[in-house]
Each structure stands twice: as C-alpha cells, then as structure tokens.
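The values are calculated or read from the model by the stated rules, or taken from the named source; none is laboratory data. Computed from a prediction, not measured in an experiment: that's the story for all the values here. Cβ sites come from the backbone with ideal geometry, for glycine too, and all protein chains shown count toward neighbours.
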C-alpha cells in the first residue's frame, strides 16, 4: 500500500465504529502497542481498539478499509517474529477481549473466542478430561487467536500435531468487514476449498480470526517421562531421529544441549543437572502398554551410548520438566547485562536433525558466539539463542549472521525457516528461498482477499 | 466460462504441446472418458491427453489456457460425485501415467507421482513396515492424485486422518502452466500461507497436482478386530458415539445396518452373518496395551446391549472385513436389474451419529425405498445406497429426494454434505447452504488462480 512514512492516520472515525471505551487515541497507551516480545522495531500506532465481538471487528475493518488505514491484529503479544508489530502505523486491533469458551465433551470439541489464553482454555477443559494439545511454552500469555495466526505448536506437537491439525472451523472477518464461517463442526470433510487452512498461519494478513472451533484430545491416563543424558550432541540427536523413524510416537521429546544445561545449573541454587546433551522423553497412553514403550525408548537410548536415565512417573513428572521450562529465563540471566539476540526456530526432516544441531554448533564456533540450543526434537524443530552484549553492534550482527546461516542450512535440507513462531518480520527475507514460485501465488491470494493491503502490512510475504 | 453447448473445441494444438502418442483425438477413446463411476451424465471430450511429467502437464495447460479450452483433470476414474467428468467438453487430462515412488523410511515419507494407485503405493511401502493410512475402499483403482483432489479417506481415517493430514508437499501446475512447489518436507511449519491445503480437496479446479510428498505411519505391530452385533441401529450408533467420546482411538470402526447384512448373506453362499446392526471394531497398537483397549471396547458395547462379539486376531482378521468389503457389490447384486441410485456420503459431529442414522431410515420409509447403510462411523461419516429400478424414473427421483433430505439434515446438524467423496457435480447444490458467505471467498480464489475458468468447469462451486 502507498504510505507516507512521516504521516499519521486520522483515526477519529473509530469512535463511530466501536463501542465507547474500546478505543484509545492517547500516546501512553499507543506506545505500549508498538512492540511485542520480538527484537524488531515497531512504529507507534495511531489508535488501539479492543473490539468485543466479530461485529465490532467487522465495523472497524470496514471503516479502515474504506479509508485505507493499516490494521495490525494483535492478541497476546508473545510472538517472537514481530507478527503483531504495527510497522506502518494505523490501528492496532487487539482481539484480547473476544472471550468465551463453549465445550462439547461428547464431540471432543470447544468453540473459543480468539482472545482466550491457552492455559486458561486448558484449565476450562481439564474437568472434562480434555485438552487442546499443541503444548506451547508461552501458554500463560499466548491466545488461541494468536496460535491460529502463527500455526503455533510446541512440546506435544510430535504426538498431537500443530494448531492447524486441531482447527475444525474458524469465524473470520475479511478486510472489507464481512463475517464468514470457514469449515464445519466435523473431523473430516471433502466439501471444497479449505479456506480455514488458508487463514491458519496467515498472521492476520488475510483476515482477522474472531472465533475458533477446536478438536480436543483426552488427557492421557498414563504419563511417564525420563531425563536422559548422552556423551555427545550427535548421540542425543541421532537417538531422536531413530526413535521417530522407528514409529515411536512420544507425548514429547525435547533436546537440550550442554550449554543450556550449564545455564540451568547457574540459574538454580537447588538443583544440579549433569552438564551433558540431554533428552526429555515423555510417553502418553490410556493403557498399560506404556511400560513396554518406555522400555523400548530406553533400549534405543542405550544403543546411542546413554550415560544416565532418570525416570519419573505422574507424581514427579514436573521435576523433570523444570529443566526445560526455565530455559529461556536461565539464558537471559546467564551473563549480566547481556541478552538473547533472537530466538532461532527452524525445522528439518527428522533424519537431518543431527545435521542441523551440528550446523548451529559450527556456526556458533565460527562466529565466536555463546549459543544455547533446545528443541521439540521429535518434529525436527530446533531453537537456538545466542547471548550478546546489546551495546556491541558487531556482536549483535554476528548473532544475526548465525541465524541466517542456520535458516539457510535448514531450507537446504528440505526444511523450513520457521517451525512454530511464524514469519512476521524476522523470517520474510527467507520466504523466496523457501517457497520459490509459490510466493507469486501467495501474493495473488493476498491481493484477492485484501485488495487495499490494509491487513498487517509488511508481514509474511517478502518485498516484491 | 462462455461456451456454446453445441460447439466442439479444436484440439489439434495438443500435438505440438505433448509427446507423440500421449494424445488421442479418436472418438472411441474419447467416449471412454465421458463418464466415471458416478451416475452423472458427461459430455464426450474433444481430446484426451496422458502427460508423463509436470512439464508436459504445464505445456498442455499453457496452450489450453491461451485458447480458453476447458481441461478436466482425471486420474483413477473411481470418483462417485462426477469430479472427473468433462461436462464442458474440451480436454480430459489424465494424470494416470505420472508414476514414481521414492521412499524415505527414516523420515516416514514418500514422494509419489499423481498416477500411482493407492494399493500399489502401499505394496511398495510394506517392505519398509510403512503405510499411507487413510484406508479407502477403492484402493485398487484410486490414485494418489485423485485422493489429494477429493481429500479422500476411508476405514482408517478415524485413527490416522484424511488425505490432507498426510500431505507435506505438493507439486502443482497452475492454469497458466507454471510448475510450483507448495509445502516442505517437514511435519510442521509456520512459514506463511498453506497453499497445499488450498489445493487439497479442490478437485483440479485450481491447479493440477502432479507429485505428492506424503507422511507415512508404521504398520501397527498388533491388530485385533471384532464383529459386534446390537439389538437396534440406535444401540449400535450410540456405542460408536460413546466409544469416540470416551477418547478411544480405534484403527477403524465401521457401522453396517441390518439391510446391508441381509444383502451380504444373499451375496455369499459360504457365510451367514447375523442379520442385525453390526459394528466392526479394529484396534491398532505397537504394544501389549491393545488387549486392555479391546476389553474396554467390549465393555462399552455390552453397555449398549451387545448381542454377539466375534473376535479375530491378526491371522483371521480378513474374515471379519470380508463382510464390509463386499458391501457395494452385494448391494448391486441384491435385486436383478436394479441398481444403486447413488452412493450417499455425509458426515456429522459424532454425538449426532445416532440422529443421522435414524434420519436415513426415516426418509427411506417415508419414500418407500430399499436403502442400505454402512459408514466409517468413528468419523461421523455415513454412506447410504438406495436400490432402484433404473427404468422407473419416479423411483430414481425418490432416491434423489432421499439423498437431498439426508444431506440437508447433516448440514443442519453442523455436518458436511460430503465426508470423503468430494463435491464434483453431485454436491454442488448444497455448497451455499453448507458454506454460506464463504462461498464468495472461494469464488474469488478460483478467479485468482484460474482467471479464464479452464480448470474443471462446472465442479465444486455452485452456480452463481
């Protein structure tokens, strides 16, 4: 869209489009909405709105579209690639106030407002013995709307799939303010174009998701986990590739490298982990066969030189996960005044997992960085964070270079630039390389659904 | 697209677009491509082509698009809704000659030409202990390209999902002859618009799929099945709803009504089934927990008045399935000179399964028809076939009326007009009712990707 970078948009029209009290024009509020959890710079928007219904979203979008005012949808603000940053000014449209959870246990289904937080949804589902299962790390902040926008996933995707796999139906508001339903309340259908799958992962650039019907899974009756250490990262990552290739379907299988374990030891006064490459393996089942699976997983780890196996049952399962859960904060705390440059997020075919793990280590050595790795390894997903002195521009640049090298390696292995965090601002530069000529089709779809280019400009698609 | 119904298209240009021998202009060949397994009337195409590669498909499409000649993609020809019938004449483009299977067992993955037949693919995968899992009935004829086109599924979708759930990457040729890759060789990604999901289920109206990268699952180490009878169809269908609602994930769970069992007894000289509503329940596992699941399933059936439980292990599992597998032929053979009017295919939320089963029985009684039902019940999917005298136009009309009533009931229950057969010609009339305003977005997408309307005209989308 055409835009003068120095001009602001007059957003007074919003006072007619939305209920009183659901719009803010004041600078102090607007400034809070210029950034999110990502390291990317934003621009202070001209207004922030918190519609409470799809009709209010429709009123805002119709009025904005008519006036060609950019609209950046936002929900929890926990995104790591800048998907919710208003780089063109205009309106930030928060879906955080769109609530509501309606559970249909007999159909393993819930219909959920876009602003409902992941952990809150699962708290509502627990009394029914049910769960929305992707298992994201930021579940205390991230909303269902944001998860749909980025096709988020996490710890448990290896068994239960990404957000997309659970979305049965979406309510979406189009750029010009139409409210449409995409998909049906069923587990399968062959009734034409799957528009819901087009909106999932589109980060609010094609429409604003206001309500989601999700498929649910039962909370497993049995859970077992083990913290397993290996002589080398190659042994650990090969164990993961073998486990998945063998057909084992764990509830979770996490990789944590030696540097991360050191950071966790430094962070905690009360625990000391072995400072070796580590896997957390968690198994789920509704029958006693879980013990057989656990023995199989252990034998497989032994084949890869396993050094230690610390098992846990339902009662002390959380102790095992404590290691993984504190990783981000432990990294941030590791060197005073230093910070993580960015959170890397790539995904590769599972047989290439050892290769991508080595690629990060090699690049980190080459570039003289301190880099910690963890990953939802069973999906081929790897996260990496380099710690940098934020005042040392050259060091920050080396961390950016590391990210670029690793992403290009992942794409070269047949993988993807982002496993679960989305494209946002940070991964746009890799989209041509990853998608090739399909990018032209994506641009066509964008032009069709958002002809005036008001929806989340500057995200997902690379510059033409 | 504009078309004079009486004119033919001059397709001589195809001789330049495609290798000699891969095009037919003669009437005897063309006539074979005017119809498929569905009851809908077609029109004899002006030419048939069998490209052997995506480049040949691209050459045909580019030339046809330039000349505005309709192209109807076709593969196995086993579709039941007329998706592959050339209702506007022009070219039938068969992908049956696009072969090739490349298996990557370590990544649980195969890259497959669109013309590869389902059963042949699984025969190639079996030595690796792997399987492409939707479990369709027509696996001896249906191709992977056709399965992607209709988002096909069948017996085993209840555990493993529909075709969509297994597609990681597609090679697609656009209407104007560009070859594009959609998706990556990974199990999850958040890298922008999921174009592959737009092409899956679009029945060749948005592009022609030439190659597919599929995710595979391990052949289960243990399988158990049982043929279970119930006092009434309500008891059987409630047992299904309860089983799925309880979180049991069977390998398959099929419903077969009393009329179908009668037809099977009449068809076979050597077996006699109890003529009662029946479920086939099959369980899959890689550990000994399967016996616990089997006991759970049996107890659940007992709660619903189970009359008999005939169990089978790996050795005699096929005997159990014989009942289901011959159903279509048994129905056709049941009354001399009569035929099935059409094969119904609806899907509803699982808690509504008893209701849709009753709706078919009620409509069949009202309309004085002989109707047999089977269904992949665990998905909420129900098939129904009324036997009619094809020379009795009024009876054929009543069967059409039954289909319409059942489809509208399914949609009213939150379900879908088609669970796995696609829209084709037969279900177009219900798409407005099912999708509402989203149909306008689908039309926009169609216009964007096929601006000249050459791809499979008259399918999927309803008349404007």
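The set of residues in region B:248-279 being within 13 Å of another protein chain (Cβ to nearest Cβ) and surrounded by fewer than 22 Cβ atoms within 10 Å (Cβ to Cβ) consists of B:248, B:249. Can you tell me which residue is farthest from the other protein chains (Cβ to nearest Cβ) among those in region A:343-355 that are closer than 22 Å to residue A:398 by Cβ and touching a helix residue (DSSP H, G or I) at 6+ places or on another chain (Cβ under 6 Å)? Per the stated criteria, the residue is A:344.
Yes/no per residue for (1) more than 22 Å from residue A:149 (Cα to Cα); (2) modelled with pLDDT under 95; (3) surrounded by fewer than 23 Cβ atoms within 10 Å (Cβ to Cβ):
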{"residue": "A:19", "(1), (2), (3)": "yes, yes, yes"}
{"residue": "A:45", "(1), (2), (3)": "no, no, no"}
{"residue": "A:53", "(1), (2), (3)": "no, no, yes"}
{"residue": "A:62", "(1), (2), (3)": "no, no, yes"}
{"residue": "A:67", "(1), (2), (3)": "yes, no, yes"}
{"residue": "A:75", "(1), (2), (3)": "no, yes, no"}
{"residue": "A:85", "(1), (2), (3)": "no, no, no"}
{"residue": "A:95", "(1), (2), (3)": "no, no, no"}
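Taking the numbered list (1) buried (at least 20 other Cβ atoms within 10 Å of the Cβ); (2) under 17 Å from residue A:233 (Cα atoms); (3) at pLDDT 95 or above in turn, residue A:344 passes all entries but (2). Condition first: facing chain A (nearest Cβ under 9 Å), modelled with pLDDT under 95, at negative phi and buried (at least 22 other Cβ atoms within 10 Å of the Cβ). Can you find one or more residues in region B:233-241 that meet it? Looking through region B:233-241, at least one residue is facing chain A (nearest Cβ under 9 Å), modelled with pLDDT under 95, at negative phi and buried (at least 22 other Cβ atoms within 10 Å of the Cβ).
Which residues, counting only those in region A:199-224, are over 16 Å from residue A:110 (Cα atoms), in a strand (DSSP E or B) and within 13 Å of chain B (Cβ to nearest Cβ)? Scanning region A:199-224 gives A:222, A:224.
All conditions in (1) in a loop (DSSP other than H, G, I, E, B); (2) within 30 Å of residue A:453 (Cβ to Cβ); (3) away from every other protein chain (no Cβ under 11 Å) hold for residue A:192, with the sole exception of (3).
When B:187, B:148, B:173 are screened for being under 28 Å from residue A:285 (Cα atoms) and within 13 Å of chain A (Cβ to nearest Cβ), only B:187 passes.
Could you look through region B:262-279, keep only residues that are assigned to a helix (DSSP H, G or I) and farther than 19 Å from residue B:317 by Cβ, and pick out the one that is nearest to the chain's Cα centre (by Cα)? Only one residue fits best here, namely B:263. Within region A:429-457, the set of residues being free of Cβ contacts under 8 Å to residues at least 60 places away in the same chain and closer than 17 Å to residue A:87 by Cβ comprises A:429, A:431. When restricted to residues that are more than 17 Å from the chain's Cα centre (by Cα) and closer than 29 Å to residue A:243 by Cα, region A:329-364 contains 18.
Going residue by residue through region A:57-66, is there one that turns out to be assigned to a loop (DSSP other than H, G, I, E, B), touching a strand residue (DSSP E or B) at 6+ places or on another chain (Cβ under 6 Å) and within 14 Å of another protein chain (Cβ to nearest Cβ)? So far as region A:57-66 goes, no, none of its residues is assigned to a loop (DSSP other than H, G, I, E, B), touching a strand residue (DSSP E or B) at 6+ places or on another chain (Cβ under 6 Å) and within 14 Å of another protein chain (Cβ to nearest Cβ). For residue A:445, the criteria (1) surrounded by 23 or more Cβ atoms within 10 Å (Cβ to Cβ); (2) within 7 Å of chain B (Cβ to nearest Cβ) hold in every case but one, which is (1).
Within region B:369-412, track down each residue that is touching a helix residue (DSSP H, G or I) at 6+ places or on another chain (Cβ under 7 Å) and assigned to a loop (DSSP other than H, G, I, E, B). Those that are touching a helix residue (DSSP H, G or I) at 6+ places or on another chain (Cβ under 7 Å) and assigned to a loop (DSSP other than H, G, I, E, B): B:369, B:376, B:380, B:389, B:390.
Residues in region B:102-131 that are more than 14 Å from chain A (Cβ to nearest Cβ), touching a residue at least 40 places away in the same chain (Cβ under 8 Å) and either within 19 Å of residue A:380 (Cα to Cα) or part of a loop (DSSP other than H, G, I, E, B) (or both): B:114, B:115.
Candidates B:282, B:302: the one that is in a helix (DSSP H, G or I) and away from chain A (no Cβ under 14 Å) is B:302.
Do the conditions hold for residue A:420, that is, is it at the interface with chain B (Cβ under 7 Å from one of its Cβ atoms) and within 18 Å of the chain's Cα centre (by Cα)? So residue A:420 fits the description; yes.
Among residues of region B:300-329 that are under 17 Å from residue B:276 (Cα atoms), those with a Cβ under 8 angstrom from a residue that is part of a helix (DSSP H, G or I) and modelled with pLDDT under 85, sequence gap 6+ or separate chain, pair up as B:310/B:320. Give the residues of region B:21-36 that are in contact with a strand residue (DSSP E or B) (Cβ under 9 Å, 6 or more places away or on another chain) and either buried (at least 16 other Cβ atoms within 10 Å of the Cβ) or outside the structural domain of residue B:71 (by TED's automatic domain parsing) (or both), sorted by residue number. Across region B:21-36, the qualifying residues are B:22, B:23, B:24, B:30, B:33, B:34, B:36.
Surrounded by fewer than 24 Cβ atoms within 10 Å (Cβ to Cβ) and touching a helix residue (DSSP H, G or I) at 6+ places or on another chain (Cβ under 6 Å), is that true of residue A:193? In short, no.
Matching residues to (1) facing another protein chain (nearest Cβ under 9 Å); (2) closer than 25 Å to residue A:198 by Cα; (3) surrounded by fewer than 18 Cβ atoms within 10 Å (Cβ to Cβ):
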{"site": "B:405", "(1), (2), (3)": "no, no, yes"}
{"site": "B:438", "(1), (2), (3)": "yes, yes, no"}
{"site": "B:451", "(1), (2), (3)": "no, yes, yes"}
{"site": "B:460", "(1), (2), (3)": "yes, yes, no"}
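How about region A:423-436: which of its residues are at the interface with another protein chain (Cβ under 8 Å from one of its Cβ atoms) and closer than 22 Å to residue A:142 by Cα? A:423, A:427, listed by residue number.
Looking at the structure I just gave you, is residue A:414 within 18 Å of the chain's Cα centre (by Cα) and either surrounded by 24 or more Cβ atoms within 10 Å (Cβ to Cβ) or within 14 Å of chain B (Cβ to nearest Cβ) (or both)? No.
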